[in-house]
1. Among the residues of region 153-172, which ones are within 24 Å of His114 (Cα to Cα) and open to solvent by 20 Å² or more (accessible area, probe 1.4 Å)?
2. Return yes when Lys67 is modelled with pLDDT under 95 and either closer than 25 Å to Ala222 by Cα or touching a Lys or Arg at 6+ places or on another chain (Cβ under 9 Å) (or both) and no when it is not.
3. What number of residues within region 124-147 are surrounded by fewer than 16 Cβ atoms within 10 Å (Cβ to Cβ) and either of a type in the set (Asp, Glu) or within 15 Å of Glu92 (Cα to Cα) (or both)?
4. Go through region 176-186 and count every residue that is in a strand (DSSP E or B) and either farther than 21 Å from Asp128 by Cα or without any contact (Cβ under 8 Å) to a residue 12 or more places away in the chain (or both).
5. Do any strands (runs of 3 or more DSSP E) entirely within region 187-228 hold 1 or more residues that are out of contact with any Pro (no Cβ under 6 Å at 6 or more places or on another chain) and surrounded by fewer than 15 Cβ atoms within 10 Å (Cβ to Cβ), and if so, which?
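The values are calculated or read from the model by the stated rules, or taken from the named source; none is laboratory data. Values in this document were obtained by computation on a predicted structure and should not be read as measured data. Positions of Cβ are generated from backbone atoms using ideal geometry, with glycine treated the same way; all protein chains shown enter the neighbour counts. These accessible areas exclude ligands, DNA and RNA; they are computed on the full protein's heavy atoms, side chains included. Shrake-Rupley method; radii C 1.70, N 1.55, O 1.52, S 1.80 Å.
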Amino acid sequence: MNRSSIVSRRTVLTGMFSIPSVAAAEPLIDLANGSGIFASTADKRQSGGFKNLYTEDQPTFSEQPDKEEFKRPSRIFAKPIKLNLRNTNINEQLSLAISPTLQLSEIERQSLNHFLRDWRENIAISIDDTVLKDFFLICGEYCTANNETDVQISSGYRSRKTNDMLRQRSRNVALNSMHIQGKAIDFYLPEISSRQLGATASKICRGGVGVYSGFVHIDSGARRQWEA
């Protein structure tokens, strides 16, 4: 090996370790901080996953919807649909135009809350948004060619007094029914079997679905299904 090659290599090595941007300012890998010149962010801030390799911190993940919720449609119609509602107990009727966004105006919301009231006690509360949107989506599946569907409502909100009275008449009425919280609707569609309607509700509803001989119950409680 000649002297010129030794000097050349020594010069190169000396030069490399004398460059502040490489040796002093930013190490290739900083095991203490989980950073270095290969860090992906432009300002060299630590990412959560990278930091976790060298600390006791637990990685954080954004919550992911469960598979069924992720597949659930956010809209099922391209233009407004018309729901013709009828309370089967008192023959009261209400027609609503539901937009693809499933949003109601304040006046429409008040009208629907009144329609779904405890008619025995004449008490109305604000019906839960989740159960309403699920209800709209389910009904939207059965719209006719003119974008309408008729819906028979057998129960919406119930006061505690009404629920206790109904419990004395039927074993199918729960002590702490979701109807008491305004989070349940019992309904059926003419010419659609309860079993068929229940199957559709099970694909859409985020809460409970109960299939009865003459109607389907939906609520915004825990996800569950039953037949009675």
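1. Answer for region 153-172, where residues must be within 24 Å of His114 (Cα to Cα) and open to solvent by 20 Å² or more (accessible area, probe 1.4 Å): Ser154, Tyr157, Arg158, Arg160, Lys161, Asp164, Met165, Leu166, Arg167.
2. Criteria met by Lys67.
3. Total satisfying the criteria: 1.
4. 0
5. Per the criteria, 224-227.
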